[in-house]
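Worksheet: the structure to be examined is printed underneath.
The values are calculated or read from the model by the stated rules, or taken from the named source; none is laboratory data. These figures come from a predicted structure and were not determined experimentally. Because the Cβ atoms are built from the backbone with ideal geometry, glycine has one as well, and the counts that use them run over all protein chains shown.
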């Protein structure tokens, strides 16, 4: 019997198309911006955008704590305020290129964005609540509610105490200097730099301290499995990826690029949640030979770094390929290994280009 969660047919299903109209990736030309405009930033909404009102919203911090808290938005905004640039990427980025294709949001490579987030650090709030000695996980609950895998649920993810107490984890209420948009989690969301986007729970309403490892649906769903019944490995920090701003101009339907022969500047961004980017290599012949790109400034390990390289383009058909490596020893694979849910797909980007004789 075929697995209903996989598609052998290369055509997308109506259900996938329905998801694709609700969610969107960042147009690759958006890589030119240091900070991704909010409307270009990738977006994934599991259920519905909930109806929330900032003036009535409350965050509850409870469970195994010595002093439960109930905080309104103004109370949070009166605490220490920090602003950080963070690159977020969906764990399913690249899923649509797998064969057979896992049935879910059909991402190609555009599920990414680098925004400037403003909020308050989470750790001082947890210290104020006073975690009991037996606390293992902090469970974060969003206001979005629905059914997935046959289970009715609020969207929930958890972090261990050690991960939740990291100084860069924050509760954010603004994006790029403006209040959060409804689709990006208004009025408050969790932000966990370096981790895949599903961890940064939107429309955050509750933080519960629990004495056991939390294994809710969204924790089990985000495990890398070789097959449906495999116990799997938790998906956590982002593996390195580099993307190129497609050069020249595109064909409307295929997106194949056309450039004029001569000197062409190739540019893009690279990022990793597992270490600083230390190298980006670019190939103009499909991956047969490689050249090191010049890296720009990367102020923090959890935001993307610009890169550039010059190409002496000669007439003909070419395939441009780009790969990144971080200082933890992670390198993008040339070919993607398959897994059941299509997670952690960071294979190299390939850009077909037609070079026409110069004027």
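Overview of values
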{"item": "Among the residues listed as 177, 262, the single one being out of contact with any helix residue (DSSP H, G or I) (no Cβ under 6 Å at 6 or more places or on another chain) and within 30 Å of residue 60 (Cβ to Cβ)", "result": "177"}
{"item": "Failed item in (1) at pLDDT 95 or above; (2) more than 19 Å from residue 355 (Cβ to Cβ), with residue 299 passing the rest", "result": "(1)"}
{"item": "Strands (runs of 3 or more DSSP E) fully within region 40-158 counting 2 or more residues that are free of Cβ contacts under 8 Å to residues at least 40 places away in the same chain and in contact with a strand residue (DSSP E or B) (Cβ under 9 Å, 6 or more places away or on another chain)", "result": "69-72"}
{"item": "Condition broken by residue 269, with the remaining ones in (1) within 30 Å of residue 69 (Cα to Cα); (2) within 16 Å of the chain's Cα centre (by Cα); (3) assigned to a strand (DSSP E or B) satisfied", "result": "(1)"}
{"item": "Total residues in region 13-34, condition assigned to a loop (DSSP other than H, G, I, E, B) and crowded, with 16+ Cβ neighbours inside 10 Å", "result": "3"}
{"item": "Meets criteria (surrounded by fewer than 22 Cβ atoms within 10 Å (Cβ to Cβ), in the same structural domain as residue 245 (by TED's automatic domain parsing) and modelled with pLDDT under 95) for residue 330", "result": "no"}
{"item": "Residue count, region 194-253 (criterion: without any contact (Cβ under 8 Å) to a residue 12 or more places away in the chain, within 30 Å of residue 356 (Cβ to Cβ) and not in a loop (DSSP other than H, G, I, E, B))", "result": "2"}
{"item": "Only listed residue being under 24 Å from residue 358 (Cα atoms) and not assigned by TED's automatic domain parsing to the domain that holds residue 35, chosen from 335, 265", "result": "265"}
{"item": "Unmet requirement for residue 356, which otherwise passes all of (1) touching a residue at least 12 places away in the same chain (Cβ under 8 Å); (2) under 25 Å from residue 192 (Cα atoms)", "result": "(2)"}
{"item": "Boolean, residue 97 is modelled with pLDDT under 95 and surrounded by fewer than 21 Cβ atoms within 10 Å (Cβ to Cβ)", "result": "yes"}
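Residue-wise test of (1) closer than 30 Å to residue 4 by Cβ; (2) surrounded by fewer than 15 Cβ atoms within 10 Å (Cβ to Cβ).
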| position | (1), (2) |
| --- | --- |
| 229 | yes, yes |
| 247 | no, no |
| 253 | no, yes |
| 258 | no, yes |
| 262 | no, yes |
| 268 | no, no |
| 278 | no, no |
| 316 | no, yes |
